[in-house]
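Have a look at the structure below, then the notes.
The values are calculated or read from the model by the stated rules, or taken from the named source; none is laboratory data. Remember, predicted model here, so these are calculated numbers, not experimental data. FYI the Cβ positions are ideal-geometry reconstructions off the backbone, even for glycines, and counts take in every protein chain you see. The protein model used for the area step is the full one, side chains on, heavy atoms only, and it has no ligands, DNA or RNA in it. Shrake-Rupley method; radii C 1.70, N 1.55, O 1.52, S 1.80 Å.
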Amino acid sequence: MKALFLIFILFISSIVSAQDWNTDLSPDRKIYTLSKIWKEVSENFAFFENVPFLNWDSLYQAYIPKVLASKTKYEYYRLLERFICSLKDGHTLMYHFNDVFPHYKRYSFNNQLRFYPESINKRIYITRVGSKEMTNTIPLGTEIIEVNNMPVIQYLEQSVFPYIAASTEQSLWYYGVPEMFRGLVNAGKPYQWNVKFKKPDGKVFNLILTLTSEPADEGKNYPPYPIRNDILFNWVGNDIAYLALNTFAKDTVVKVFKTFLPELKKAKSLIIDLRKNEGGNTNIGAEILSYFTDEDTLIGSKWKTRISNSYFKSNGYNLRNSKTLDEEEKTYVSHYKNESWLEGGTMKFENKSDPQNRLRMPLAVLTGPYTVSAGEDFLIMLEGIKDRAIRIGQKTSGSSGQRLGFRIPDGGSFFICTKNDTYPDGRKFVGIGILPDIESEPDIEDIIKERDVILDRAITYLKNKQ
């Protein structure tokens with residue numbers, strides 16, 4: 001009997017969960033979460049300097065009537081998402097749809113089509129579809145030129161980009177475009193888009209795409225997604241080795257890297273690929289990089305974080321209108337204005353690698369807009385080793401720091417970047433990206449023909465250097 005009751009409860013819970021997005025929340029709960037985000041950002045966010053024209057307090061006040069007017073939990077959460085993404089920071093965002101809205105989908109449409117748009121030089125192309133047969137309808141290389149009777153860029157700027165947590169334009173495009181057709185299935189009004197395409201031969205056609213609940217078999221894409229290992233080693237020439245470091249989020253990456261050392265020692269040149277490295281633990285990157293230098297210490301980013309002292313704030317309140325201030329009084333006023341910082345200094349990592357296993361061959365490091373956070377920290381440390389490597393590819397994402405997380409009472413979480421990172425000399429890279437020494441970017445023809453022009457550029461460079 002207890003088992004039957006438990007099954008019944010689980011069944012009811014699944015129904016409630018499936019329909020949760022279509023219900024509304026009470027006004028006090030809406031205001032509480034909005035206010036919680038506003039408060040924690042006000043006290044802890046590290047990069048207001050990157051949004052100089054944003055008045056955070058005024059924006060909060062403007063969102064109060066908006067969230068109160070929302071009719072469903074889904075609509076409300078989308079408002080929260082847009083609110084926090086107005087800070088334009090890749091580490092300041094919401095995580096919520098997977099656990100709160102299990103039916104939040106993309107790319108499975110009622111006409112049995114499934115396709116994947118990609119940003120290439122700020123144009124939107126279809127570079128992968130659900131099966132080879134689908135290329136009869138949407139050939140690879142087809143361009144999206146309009147959505148809902150507006151130019152695709154206008155659609156992105158109005159309906160997609162405001163909900164993307166991105167610190168730079170390159171990051172906004174590369175993370176935003178894959179989210180351009182997304183919504184809730186089984187909603188009262190189906191999510192639908194009128195899309196105009198242009199085939200590679202120039203022919204233009206329209207499709208009405210309606211999102212459905214049919215599960216997408218991600219294992220049957222065409223062309224298939226390449227296997228993405230956390231770390232990968234192979235040879236791209238008789239004496240040029242290739243090492244892809246796709247994450248710094250797992251300790252096993254270092255362990256596997258060390259197993260590659262005997263083979264790596266045979267290489268005359270090496271390519272390190274960071275184009276798919278979306279971060280993790282900076283210490284992992286530092287440990288791997290230590291094998292490529294004889295320096296005793298690796299120098300990382302310079303950092304600071306905001307601090308608050310209530311006593312100093314009270315003194316600052318009393319001094320807020322003073323025309324002349326000494327240094328101590330300026331400190332009080334800076335606390336009152338929430339403009340005080342703890343200077344953390346420069347991150348340093350001791351080189352503990354075995355000198356017998358160090359690798360001194362020429363290096364080329366590949367970068368791109370998916371090189372993020374600890375992946376960028378690796379590049380900061382690498383730049384401190386003079387003339388050690390050449391960077392080839394595209395600008396990195398331009399987002400690093402340390403996130404402070406909070407659970408949302410009605411499900412999901414939000415995160416705030418609390419650590420302001422720069423180069424050791426104070427130069428900015430968050431909000432800009434790290435520039436390559438040699439810039440290279442594929443075009444649609446390269447993508448369709450699966451030509452890795454950035455890798456080829458690195459191979460050519462290293463051969464010439466030899």
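Scanning the stretch 404-452 for residues that are over 26 Å from ILE380 (Cβ atoms) and either in contact with a Phe, Trp or Tyr (Cβ under 8 Å, 6 or more places away or on another chain) or surrounded by 14 or more Cβ atoms within 10 Å (Cβ to Cβ) (or both) yields a total of 12. Scoring TYR370 on the criteria (1) closer than 30 Å to GLN466 by Cβ; (2) open to solvent by less than 20 Å² (accessible area, probe 1.4 Å); (3) among the hydroxyl-bearing types (Ser, Thr, Tyr) leaves a single failure, condition (2).
Across the stretch 174-186, the number of residues qualifying as touching a helix residue (DSSP H, G or I) at 6+ places or on another chain (Cβ under 8 Å) and surrounded by 17 or more Cβ atoms within 10 Å (Cβ to Cβ) comes to 4. Against the list (1) at pLDDT 95 or above; (2) charged (D, E, K, R); (3) surrounded by 15 or more Cβ atoms within 10 Å (Cβ to Cβ); (4) assigned to a helix (DSSP H, G or I), the condition GLU263 fails is (3). Beta carbons closer than 9 Å, at least 6 apart along the sequence or on distinct chains, never pair a first residue in the stretch 281-306 that is at pLDDT below 95 with a second that is aromatic (Phe, Trp, Tyr) and in a helix (DSSP H, G or I).
Taking the condition part of a loop (DSSP other than H, G, I, E, B), open to solvent by 20 Å² or more (accessible area, probe 1.4 Å) and among the hydrophobic types (A, V, I, L, M, F, W, C), does ILE385 pass? It is false that ILE385 is part of a loop (DSSP other than H, G, I, E, B), open to solvent by 20 Å² or more (accessible area, probe 1.4 Å) and among the hydrophobic types (A, V, I, L, M, F, W, C).
When the criteria are applied in full, SER171 fails the requirement of being open to solvent by 30 Å² or more (accessible area, probe 1.4 Å), polar (S, T, N, Q) and either at negative phi or without any contact (Cβ under 8 Å) to a residue 12 or more places away in the chain (or both).
Condition check ((1) at pLDDT 95 or above; (2) surrounded by fewer than 20 Cβ atoms within 10 Å (Cβ to Cβ)) across all residues:
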| site | (1), (2) |
| --- | --- |
| TRP21 | no, no |
| ILE31 | yes, yes |
| LEU34 | yes, no |
| GLU49 | yes, yes |
| TYR60 | yes, yes |
| ALA69 | yes, yes |
| THR72 | no, yes |
| SER86 | yes, yes |
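Within the stretch 280-296, the residues that satisfy the criterion of being closer than 15 Å to ARG360 by Cα and either in a helix (DSSP H, G or I) or touching an Asp or Glu at 6+ places or on another chain (Cβ under 6 Å) (or both) are ILE288, LEU289, SER290, TYR291, PHE292. Filtered by the rule that a residue be under 16 Å from ILE459 (Cβ atoms), part of a loop (DSSP other than H, G, I, E, B) and open to solvent by 50 Å² or more (accessible area, probe 1.4 Å), the stretch 220-252 gives a lone residue, ASN238.
Selection over the stretch 408-440 of residues that are within 30 Å of LYS302 (Cα to Cα) and not in a strand (DSSP E or B) gives a count of 18. Is it the case that the stretch 271-284 has a residue that's out of contact with any Phe, Trp or Tyr (no Cβ under 9 Å at 6 or more places or on another chain), buried (at least 20 other Cβ atoms within 10 Å of the Cβ) and not hydrophobic (A, V, I, L, M, F, W, C)? No; the residues of the stretch 271-284 include none that is out of contact with any Phe, Trp or Tyr (no Cβ under 9 Å at 6 or more places or on another chain), buried (at least 20 other Cβ atoms within 10 Å of the Cβ) and not hydrophobic (A, V, I, L, M, F, W, C).
Yes/no matrix, rows are residues, columns are (1) at positive phi; (2) assigned to a loop (DSSP other than H, G, I, E, B); (3) in contact with a strand residue (DSSP E or B) (Cβ under 7 Å, 6 or more places away or on another chain):
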position: VAL372; (1), (2), (3): no, yes, no
position: SER397; (1), (2), (3): no, yes, no
position: SER400; (1), (2), (3): no, yes, yes
position: LEU404; (1), (2), (3): no, no, yes
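For the stretch 307-326, a tally of residues being in contact (Cβ under 8 Å) with a residue 24 or more places away in the chain and farther than 24 Å from LYS419 by Cβ returns 0. Of all residues in the stretch 235-257, those satisfying the criterion of being more than 26 Å from the chain's Cα centre (by Cα) and either among the small types (Gly, Ala, Ser) or closer than 11 Å to ASP273 by Cβ (or both) are VAL236, GLY237, ALA241.
So which residues in the stretch 81-134 are β-branched (Val, Ile, Thr) and either within 25 Å of GLU450 (Cα to Cα) or in contact with a His (Cβ under 6 Å, 6 or more places away or on another chain) (or both), if there are any at all? Answer for the stretch 81-134, where residues must be β-branched (Val, Ile, Thr) and either within 25 Å of GLU450 (Cα to Cα) or in contact with a His (Cβ under 6 Å, 6 or more places away or on another chain) (or both): ILE120, ILE124, ILE126, THR127, VAL129. With respect to the conditions (1) surrounded by 15 or more Cβ atoms within 10 Å (Cβ to Cβ); (2) in contact with a strand residue (DSSP E or B) (Cβ under 6 Å, 6 or more places away or on another chain), PRO190 falls short on a single one, namely (1). Are any residues in the stretch 319-358 assigned to a loop (DSSP other than H, G, I, E, B), of a type in the set (Val, Ile, Thr) and within 29 Å of the chain's Cα centre (by Cα), and if so, which ones? Scanning the stretch 319-358 gives no hits. Each residue in the stretch 135-184 was checked for being in a loop (DSSP other than H, G, I, E, B) and within 27 Å of LYS428 (Cβ to Cβ), and 6 of them qualify. Restricted to the stretch 94-118, and to residues there that are of a type outside the set (Ser, Thr, Tyr), open to solvent by less than 50 Å² (accessible area, probe 1.4 Å) and touching a strand residue (DSSP E or B) at 6+ places or on another chain (Cβ under 6 Å), the residue that is modelled with the lowest pLDDT is PHE97.
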